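Below is one structure, written out as structure tokens; comments come after it.
The values are calculated or read from the model by the stated rules, or taken from the named source; none is laboratory data. Everything quoted here is computed from the prediction, not taken from an experiment. Ideal geometry is used to build each Cβ from the backbone, glycine not excepted, and the neighbour counts take in all protein chains shown. All accessible areas refer to the heavy atoms of the entire protein, side chains included, with ligands and DNA or RNA removed. Shrake-Rupley method; radii C 1.70, N 1.55, O 1.52, S 1.80 Å.
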Amino acid sequence: MTAPDVVAPEEGALSSALTIADAQTALRDGTLTATELLREAYATADAVDETLGIYLSRFDETAQAAAAAIDAAFAAGEDPGPLAGIPLGIKDIISTTEGETTAQSLVLDRAWGAGVGDAVVVSRLRAAGAVITGKLTTMEYATGVPDPAKPFPIPRNPWNTDYWTGGSSSGTGNGVAAGAILGGLGTDTGGSIRIPSAFCGITGLKATFGRVPKSGCVPLGYSLDNIGPMARSARDCAIMLNALAGYDASDACAVEVPTEDYLAGLDGDLSGLTIGLDRLLGKAPTRDPAVDAALDAVVDVLTGLGATVVDVELPLWQELNAATRITSRSEAFAYHAPDLRSRWGDYFSATRTGVGAAIAFTGADYVQAQRVRRVGQKAVASLFETVDLIITPTSSVAGWKIDELDSMADRFGAMHTGYWNALGNPALALPMGFSGQPRAGGLPLSLQIIGRPFTESLVLRAGDAYQRVTDWHVLTPAAADRPAAAVAS
Amino acid sequence: MHSIEEEFGNQLDLALESNGLTPLPEDRAALLKAFSTGREQAALVFSVAEARYEEPDLIFSASLS
Amino acid sequence: MTTELATPGEESAATSTILTIADAGEALRSGTTTSVELTTAMLEKATALNPALGAYVEITSDLALEQAAAADAAFAAGSDAGPLQGIPLAIKDIIKVAGVPTTANSRILDPAWGGDADAPVVARLRAAGSVFIGKSTTSEFALGMPDADKGFPVPHNPWDVTRTPAGSSSGTGVATAAGLAFGGLGTDTGGSVRGPATVNGHSGLKVTFGRVPKAGVVPLGYSLDSIGPMARSAYDCALLLQVMAGYDAADPNAADVPVPSYTAGLDGSVDGIKIGLPIPYFFDHDQLDPEVRDGVLSAVQALVGLGATSTEMELAHADKAQHANALILVGEAYAYHRNNMVERWTTYGKYTRPGLVRGMFYTAADYVQANRFRVLWCEQVAKALETYDVLITPSAPTTAQVAADMNPSQRLLQPSYTGQWNLSGLPAICIPTGFSSEGLPLSMQIIGKPFAEATVLKIADAYQRITDHHLQVPPVDALITTAA
């Protein structure tokens, strides 16, 4: 059953709706080469990047060499890995051997990234055969909103370029949405994978805290940070998670819990599952009515897939959101304090006032926030005795205009992501509809699916099952000035 | 008698000074808002009755021994 | 075994010549005495001396005699639960004992700490057949200095009652030194087991963080708190620890690490033990009493004479480690107390409240940063302990201080040698090395690797086999007649 108002993908624009799963097949059945795929991806970026602000730096030469090597391997009858030839971008707070890692800031010492080389997650993607296309825009140091006074691109939502992509994994969000990359890495400390996924209409996964090693990534909040995949679909996120997940001693927060094949459970069947829905009414200062219409449709779809949907109320909503805020601000300020003292003005306006505001919190406030996190974990675990999964809207609004972004202080209440960072549960954001008309300025709406710790398989199964019978995730924005379809057959 | 706004302003100034920060004039409104919101958030976490006897999860304690 | 007592400069009229848990165990099993006899004598002495020494918040006579009778009956029936059976102990009054109030020495009198169930560590002592003489005095909520206005007993140093017995496990320290218990439980977050052991002239062990479960204990600093045995001798501490140690799911920070035998290695040998002496801050501070320093160095020489080696070395940032410990402690403590302090400020003692509210003066980022520093400190110390088996330092820069001269602000400025080991979660024992020219106990601290209590106890025990400082008894009988 498809949801209402589904718009079929533009004819001849196959590659702009291409998923990693599609590309895996095409690369192996001769429809596509890695070199062609990369060329198409870069061509898309060439056409839209000046408007959209996807990339901070591109690695055309090394990427082309990598693609050529993949093609040679395929031609020789080898299979160079599940991500072989897939063009992926990396948020520019994660270190890569190519180029510089900037954190989109004038402040970060460029020598840091040079000293790290590839972060563990990047090594793992490469080992799976991925082609790393470049470093993607981010909010400065993964926090805040754009600052037009600083010499960095402003990331725009491809569905309506007056609007912000959301953050902080902005370039990953609009890069995937626009088809400049098939997937990429984001990070999530209070919602920074899920919000750009929501606003840009793509799928992003914050896995269980400690599931994916975060070494080689500039920290924002040590006890909250997650690196995770962003792509067109839950299935694509599962493909990427298979490469990313797993313990590494370089990350003190990494957990030694065995990984699994995150694709194995994607059978489209949700029979017997109980899903708890909290609409989070009244939690945001404003709410787009389209969110509730979309949620109604989601309930119908999930019920049709065999699940039972019940109403639940998430415990300690305000308190856990406060705990995330206190924790992330304070941990960030510990990291940034010396630079904020000596280079205050070099920071973006929202970064310095946001992180600097941590001076409002005492050590005891921080400790208390950790106590509340523990109370919250117990309370939510208790809730998970009655349901297998929880769903909520990812956000009560579809986004904000770039001109309206100041410090965003009041607006955080509309984003329903930080609660899960306090607790550590895995949470997937995926598109569930639109506010307004797609390709006529309308903006995507997003569903959040949450599971118990280390149940990424079940979370992804629910997302994939939903996406087998709906098309929101394969819709693409009208890409401006794109070259005509150039996929060779 | 100071208003709440003045009081927060004083507290903010003291906190900035003791932390060695010198913000720009254009930052003040955002800092004030964030500071007062921060105190509200601190009050929220202290209002959680069930935390009275709860032990926190302090990630650094995991790195001992 | 009886011991000739020789307190410096005075003859003591000993009321009992059984001084240690080990001795008492022997005497109980040889029929020389019974638990009821030992317990009755200690209850009488504790009661008679409480006005002068303030060791106990509550002397639990009925409970103690019941437990003593049960121990005697068990012995008679041929049942022997081990070395603690029938042994009178003191329990610091922030640790829950079933059926007995837990006050934390505070008028806050939180009903949740009432005695419905034993703390796991207390349950272990009870199951081992020990006897609880009473709940011993503590600094209020394990922090600060006594406030006589609050009506709780004020503890005094039995070697000189004008001097502090140190804290916060003051009561257990006083009781152990004065013979009002054979030993007991203290807790240690920045030095609160080791401080009283130091100035009262006996042995006190802060265990590895997580070694002994701390559920059922009023928290001070969650990431620092450690329950520890206090007794005259290291050997006795080993006997206590053997019962206390081990995982318990009730404590989220309990370590699931096997418990070795703490007595098997106590054979007097220290051959091949490598001792590191961190000189900067610990041995060269201008506020370090030369008699204290010399006491430690003589003790080290004695260990070298037994076959150990000692080397001078350096640990950078030891002063900052002390500050980081204090910062973390008050941040965690203030989180626990804040709501009560908002509503009941004056119910807290006048020295406790400025101590707790210090948590307000550090930002959350300061707390996080202290924990980042903590990682570096732990790495540095771990590296040193790859070269050395133990580090030895003075326990404190001075001997027992005159209580009337002390104030909390002054304490903030003094160097301290204990908190660094809470910060790094390591086991550390303080044992006596002799007496000062004023007749006050001197002490040294032995720090080991994580979960290496057996090594630390081995070295302390070896020293105590060739010295008798830990067996000296203060002249408390004089206090009975003056207090009567």
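Largest accessible area first, the listed residues A:V116, C:V300 line up as A:V116, C:V300 when surface is computed with a 1.4 Å probe on the assembled protein chains.
Separation of the alpha carbons by more than 32 angstrom is noted, of A:K283/C:K214; A:K135/A:K283; C:K96/C:K150; A:K91/C:K449; C:K320/C:K350; A:K214/C:K458, for A:K283/C:K214; A:K135/A:K283; A:K91/C:K449; A:K214/C:K458. Bridgeable aspartates and glutamates around C:K92 (alpha carbons under 14 Å apart, same-chain partners fewer than 8 residues away excluded): C:E58, C:D118, C:E140, C:D188, C:D225.
Any idea what the relative contact order of chain C is, in percent, if you count C-alpha pairs under 8 Å spaced at least 6 apart? Relative CO of chain C lands at 19 percent. Packing around the peptides A:436-447, A:188-199, A:58-69, A:86-97, taken as the average count of other Cβ atoms within 10 Å per residue, puts them in this order, highest first: A:188-199, A:86-97, A:436-447, A:58-69. Estimated at 0.36 nm per residue, the fully extended path between A:D109 and A:R343 surpasses their Cα-Cα distance by 83.0 nm.
Note on C:K45: lysines with a C-alpha under 16 Å away, same-chain residues under 8 apart excluded, are C:K135. Across segment A:305-372, C-alpha contacts under 8 Å between residues 6 or more apart give a mean separation that, scaled by the residue count, equals a relative contact order of 49 percent. When all protein chains stay in place and ligands, DNA and RNA are ignored, the 1.4 Å accessible-area order of C:K45, C:K449, largest first, is C:K449, C:K45. Helix-only arithmetic for chain C: the sum of -39500 (n - 2.57) across DSSP H runs with n ≥ 4, divided by the residue total, places the mean residue ellipticity at 222 nm at -12000 deg cm²/dmol. Note on C:D267 and C:D319: the extension gain reaches 15.2 nm, defined as 0.36 nm multiplied by sequence separation minus the Cα-Cα distance.
In the protein assembly as shown, a dipole from Cβ-located charges (positive for Lys and Arg, negative for Asp and Glu) runs towards its positive end, and of A:T35, A:T208, C:I18 it is C:I18 whose Cα lies farthest in that direction. Near A:Q104, once Lys and Arg are set to +1 and Asp and Glu to -1 for all other residues with Cβ below 11 Å from its Cβ, the sum equals 0.
What distance in nm lies between label points placed 7 Å from Cα along the C-beta direction at C:Q287 and A:A440? It is 7.7 nm. Summarising the strand pairing of segment C:20-483, around 65 percent of its internal DSSP beta bridges are antiparallel.
The mean count of C-beta atoms from other chains within 10 Å of the C-beta of residues in C:215-225, rounded to a whole number, is 3. For segment C:347-463, the alpha carbon convex hull comes to 151 Å³ per residue, rounded to a whole number.
Charged side chains reduced to their Cβ positions (Lys and Arg at +1, Asp and Glu at -1) give segment C:269-361 a dipole of some 720 debye around its Cα centre. Net charge dipole, the protein assembly as shown: roughly 640 debye, given to the nearest 20, about the Cα centre with Cβ charges of +1 for Lys and Arg and -1 for Asp and Glu. For the peptides C:63-76, A:280-293, the ranking by packing is C:63-76, A:280-293, with the highest mean count of neighbouring Cβ atoms within 10 Å listed first. Accessible surface area normalised per residue over the protein assembly as shown is 34 Å², counting heavy atoms of protein chains with a 1.4 Å rolling probe. Chains B and C together bury roughly 1800 Å² of accessible area, counting both sides, with a 1.4 Å probe on protein heavy atoms only. For segment C:237-275 versus segment C:137-170, the spacing of their alpha-carbon centroids is 29 Å. Of C:N407, C:T32, C:V296, which is farthest on the positive side of the dipole of chain C, counting Cα position, with +1 on Lys and Arg Cβ, -1 on Asp and Glu Cβ, and the Cα centre as origin? After comparing all options, I get C:N407. The mean number of partner chain beta-carbon atoms within 10 angstrom of a residue's beta-carbon across peptide C:202-213 is 1. The alpha carbon gyration tensor of the protein assembly as shown gives principal lengths a ≥ b ≥ c with a/c of 1.5 or higher and a/b greater than b/c, which makes the shape prolate. Taking the Cα centre of each part, how many Å lie between segment C:172-203 and segment A:13-80? Each part reduced to its Cα centre gives a spacing of 71 Å. When you count the other C-beta atoms within 10 angstrom of each residue and take the mean per peptide, C:156-165, C:242-251 line up highest first as C:156-165, C:242-251.
Put a plus charge on the Cβ of each Lys and Arg, a minus charge on the Cβ of each Asp and Glu, and nothing anywhere else: the dipole of segment B:4-64 about its Cα centre is then about 60 debye. Note on B:23-29: average number of Cβ atoms from other chains within 10 Å of each residue's Cβ is 4. For A:T362, the accessible area of its heavy atoms, probed at 1.4 Å with every protein chain present, is near 20 square angstrom.
Here A:K206 is the anchor, and the aspartates and glutamates within straight C-alpha reach of less than 13 Å, apart from those fewer than 8 places off in the same chain, are A:D188, A:D225, A:E456.
Using a/c under 1.5 as the rounded threshold, could you call segment B:4-64 rounded, prolate or oblate? The axes a ≥ b ≥ c are square roots of the C-alpha gyration tensor eigenvalues, and prolate needs a/b larger than b/c, oblate otherwise. It is oblate, given that a/c is not under 1.5 and a/b is not larger than b/c.
From helices alone, chain A scores -11500 deg cm²/dmol at 222 nm; the rule is -39500 (n - 2.57) for each run of n ≥ 4 DSSP H residues, then divide by the residue total. Across segment A:177-319, Cα pairs under 8 Å and at least six residues apart give a relative contact order of 20 percent.
Put the Cα centre of segment C:113-135 next to the Cα centre of segment C:67-81 and the gap is 17 Å. Counting only whole DSSP H helices of chain A, the ones at least 20 Å long by C-alpha along their axis and with mean Kyte-Doolittle hydropathy no lower than 0.0 are A:60-75, A:289-304. The simple spin-label model puts a point 7 Å past each Cα toward its Cβ; for C:T162 and A:E260 those points are separated by 7.3 nm. Give the shape of segment C:20-483 as rounded, prolate or oblate, defined through the alpha-carbon gyration tensor: a ≥ b ≥ c are the square roots of its eigenvalues, a/c under 1.5 means rounded, and otherwise the shape is prolate if a/b is larger than b/c and oblate if not. Rounded is the answer for segment C:20-483, as its axis ratio a/c remains below 1.5. Label positions at A:D292 and C:A41, each projected 7 Å from the Cα along the C-beta direction, are separated by 8.1 nm. Seen from A:A350, the other residues with C-beta closer than 9 Å to its C-beta sum to a net charge of -2, counting Lys and Arg as +1 and Asp and Glu as -1.
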